[in-house]
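The structure appears right after this line, and notes come after that.
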């Protein structure tokens, strides 16, 4: 926030809601934590453990929930914006300051970019150096294509889409409004489909894999964000679909024909095999693997590194990963795990022996 | 298949084999499932469960196996191509229709591309926008280099290679005929090799990692397909080798000096450490990890998310991953797993107690 | 080493240390293993098992440790460089030969590159085809930016940095001297942070995810190497920090706000969630997952595919991954694992039964 630009609390509530308690004309020029903020900055309270800092803060303004406001022992000298969700409000205000401070970019096509004459690019779009936009593509208002981006034939990019450097979008894919794709991500590569055409077995085996053409595309709804170097494959016959406001982290793989439900978040390094359906509002942890052709209900949470091999039909939290143990301890348990059936047999033998003895005792009695 | 172009069944059997049963002159303009196909489309039966759809299909033509043909109760109005593998045949026909409908590309080098004067590019190749081809590279007939591709010094690309946008091939690597590499993949980056040159321990430790130059390259045989953002490292002293018709999915990592046997398929997010040898016709599941310096026999199948730490010398299916359970159930089992040795000791105590009792009883008797 | 250039042993010890035993003026033109080296090549002994090859080697020179030198039964005709770490010495010599043989590159900016007038590029830097360097960036001496690299606003690149093709560095990030980044890696993409702003549950749920602006950057110290298609996210408020001489393999994900301690190595496909602190001299195995907000002590080793969910406060080796078993064996153990509590109950019943009997026996006695 090196910029000298400021916003008044009234302007903030006009844009983002909430109620001012104090001077609405108070102007702030940036955000800061409670213990660092000064009179011309706005701070926020999103976690009970920082409540105590309010007593000594020098912040001129503060975002707070109605419940937390009631708990305050000191209010003097602070102008509040009261909002049910100060953390989300903070995020919105932070973005507003970034937008204020951002260098102005001039719309237009960089001289080093290549835009096919049969593509349609909005005059408000910013097409960066070394970008390629192929024939039939449609690029919406205020779209930003960074250096080295490749937009294939017939791709549709909604308004305010931002593709970071070196993103590739294959032919025929569709991105909704405000979609953000981070650098190196690949949208619409061929799904992994090959028909085996082999005869014989072992040394006599002959033939090959025959590529199954992938004629679907990828259809991404509004407000989706996709992480760096993530890959989302095009469908085989139908489209792969990412519904609105899905958030996908870096290095995630989504196979062909998948559908990811609205508002679902997928953490880094997760992999989802083909033709899988994930519900709305799910949370998929880091490095989770999900098999192909399964369905996850809405509100399913899968914890990090777990593996889903069957459909999960009810909301809830699912797990299949172990936390680390010291190596020797792990190996001791793992050796027993490999021979769990022997432990079970020993238990069975004990049960039989005891039953035999009971029978003997009964006989004697 | 918006194109008005059609192919006769005779033409198809001439190109792809199989026998026509019905009118060989019947022309089809596209593929469709049995329940959607019309008289000018060709359908296929690759799965018994769709057998019933044949009775009501409007398809003018159909791919079928001899065995399934015998099971049909209705044949009238349908022209058949009889082939042992209708699914692979379908894939070939689908590709033929795509080729028919594809926009014609003009061979040549895009004005924005940079081709070093000391590179050799076939006149039939299509070099896209912002492509770089460095000195000594040899680019074969009909090769297609999409936007932003980087081909290093001395790289050899066989005929009909297709590199999708933003692929990087490092110096000295070799790709056989018809190799397809999807966007963002990196072929021939340095293997991960560093010699420790440290003295002392703990706080007194001094020194550094010394990079071991990677002077091998990557040698990829004919008909290999490589997924988006996959990485295959160059060898340290010898080449990393990918044999013919290997199919590799997205976001796969293959370490230096590996050899992947012909026809092996590797699913997304798998990682193979250095100097490992995978046999022919293997199937490596998604997110599988394979340690370095191990060998997998031909026809080994490793299921998704499993970890291979030792050589697998016999064909077969191998596994080491759990499916998810509800979180609480998992935690209950995991807590017991961490203390499996205690369960074993309790079993041992029981066995000892029972044996003691038997000894006592014997004594008394 | 096709080049005719040679180096004398004296020159090598001047550059890399060690003591010549034999003729310091002896010139070598390349490296080779003991069994393949000729009189004008230098070999090395870094592993006891090759000791026997010294007897028959034709190598004119050899790198050896003082301890191994004592074990030699033959020394005639070989000129030695004696050094405590022949393997690290070999790596340095190998690099020297590569540098000798490397094609001379002319400093300067390729005509197809775009360098913003407000960027500062050292005259000794080599800016390749289709590179983008944005305003405010500072590019150090002898930096090499390969084809398609994108360097964002205000990025600082230290001397001798090498960015391979299609690397993206987002605005404001800083790379120290001699940092190597392999193709397709992305430095400084937005961390994965969204504030939930939803009200209601189930079907009534409304609202959205609000993006939390990521205003930190990535700060990478000297001598770091980063693998192909690896992603390192920028911090939310503070910088993500990679300390000196960290070595990171391909397809690794490092979340926002992380700090990776000096000399730590991270193998391929590992994923580290946000705000995690890894100590110095750690070794993180392939495909390891580390949760967010945890701390690893110095000298921690995590074996491949393990999952770290809590802080590891002591140096040592940690594990949580199983090696594969034949599929049927695995399934048998896994089924018992899922019902471990039942085994425990059976043990408990046995213990109770035995105790009851003992009580009965006591009563009778």
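The values are calculated or read from the model by the stated rules, or taken from the named source; none is laboratory data. What you see is a predicted model, and the numbers here were worked out from it, not measured in a lab. We place every Cβ from the backbone using ideal geometry, glycine too, and count neighbours over all the protein chains shown.
Check off (1) assigned to a helix (DSSP H, G or I); (2) free of Cβ contacts under 8 Å to residues at least 12 places away in the same chain for residue B:111 and give me the number that stays unchecked.
All conditions pass for residue B:111, except number (1).
Quick check on my filter: what residues within the stretch C:300-330 are out of contact with any helix residue (DSSP H, G or I) (no Cβ under 8 Å at 6 or more places or on another chain), more than 17 Å from residue A:322 (Cα to Cα) and within 11 Å of chain B (Cβ to nearest Cβ)?
Answer for the stretch C:300-330, where residues must be out of contact with any helix residue (DSSP H, G or I) (no Cβ under 8 Å at 6 or more places or on another chain), more than 17 Å from residue A:322 (Cα to Cα) and within 11 Å of chain B (Cβ to nearest Cβ): C:315, C:326, C:327, C:328.
Take the stretch A:282-294 and flag every residue that is within 20 Å of residue B:303 (Cα to Cα) and more than 10 Å from chain B (Cβ to nearest Cβ).
A:286, A:293, A:294 - these are the residues of the stretch A:282-294 that are within 20 Å of residue B:303 (Cα to Cα) and more than 10 Å from chain B (Cβ to nearest Cβ).
Surrounded by fewer than 24 Cβ atoms within 10 Å (Cβ to Cβ) and on the phi > 0 side of the Ramachandran plot: does that describe residue B:245?
Yes, satisfied.
I'd like the residue in the stretch B:198-224 that is closer than 21 Å to residue C:300 by Cβ and at the interface with another protein chain (Cβ under 7 Å from one of its Cβ atoms) and, out of all such residues, is surrounded by the fewest Cβ atoms within 10 Å (Cβ to Cβ).
Going through the qualifying residues, I end up with B:205.
For residue C:192, state whether it is within 14 Å of chain A (Cβ to nearest Cβ) and in contact (Cβ under 8 Å) with a residue 60 or more places away in the chain.
yes
State which residue is nearest to the chain's Cα centre (by Cα) when the search covers only the stretch A:331-345 and only residues that are more than 20 Å from residue B:324 (Cα to Cα) and either in a loop (DSSP other than H, G, I, E, B) or more than 7 Å from chain B (Cβ to nearest Cβ) (or both).
Here the residue is A:331.
Across the stretch C:155-177, which residue is nearest to residue C:217 (Cα to Cα) among those that are surrounded by fewer than 19 Cβ atoms within 10 Å (Cβ to Cβ) and more than 14 Å from chain B (Cβ to nearest Cβ)?
C:171
Which residue out of C:88, C:102, C:94, C:147 is without any contact (Cβ under 8 Å) to a residue 40 or more places away in the chain, within 28 Å of residue B:198 (Cα to Cα) and within 11 Å of chain B (Cβ to nearest Cβ)?
Exactly one residue qualifies, and that residue is C:88.
Answer yes if at least one residue in the stretch B:89-103 is assigned to a strand (DSSP E or B) and over 23 Å from residue B:224 (Cα atoms), and no otherwise.
Scanning the stretch B:89-103 turns up no residue that is assigned to a strand (DSSP E or B) and over 23 Å from residue B:224 (Cα atoms).
Only one of A:297, A:270 is under 18 Å from the mean Cα position of the chain (by Cα) and within 9 Å of another protein chain (Cβ to nearest Cβ). Can you tell me which?
A:270
So which residues in the stretch A:346-365 are more than 10 Å from chain C (Cβ to nearest Cβ) and either at pLDDT 95 or above or in a helix (DSSP H, G or I) (or both)?
Correct list: A:349, A:352, A:356, A:359, A:360, A:362, A:363, A:364.
Taking the stretch C:261-278 on its own, how many of its residues are free of Cβ contacts under 8 Å to residues at least 24 places away in the same chain and closer than 17 Å to residue C:307 by Cα?
11
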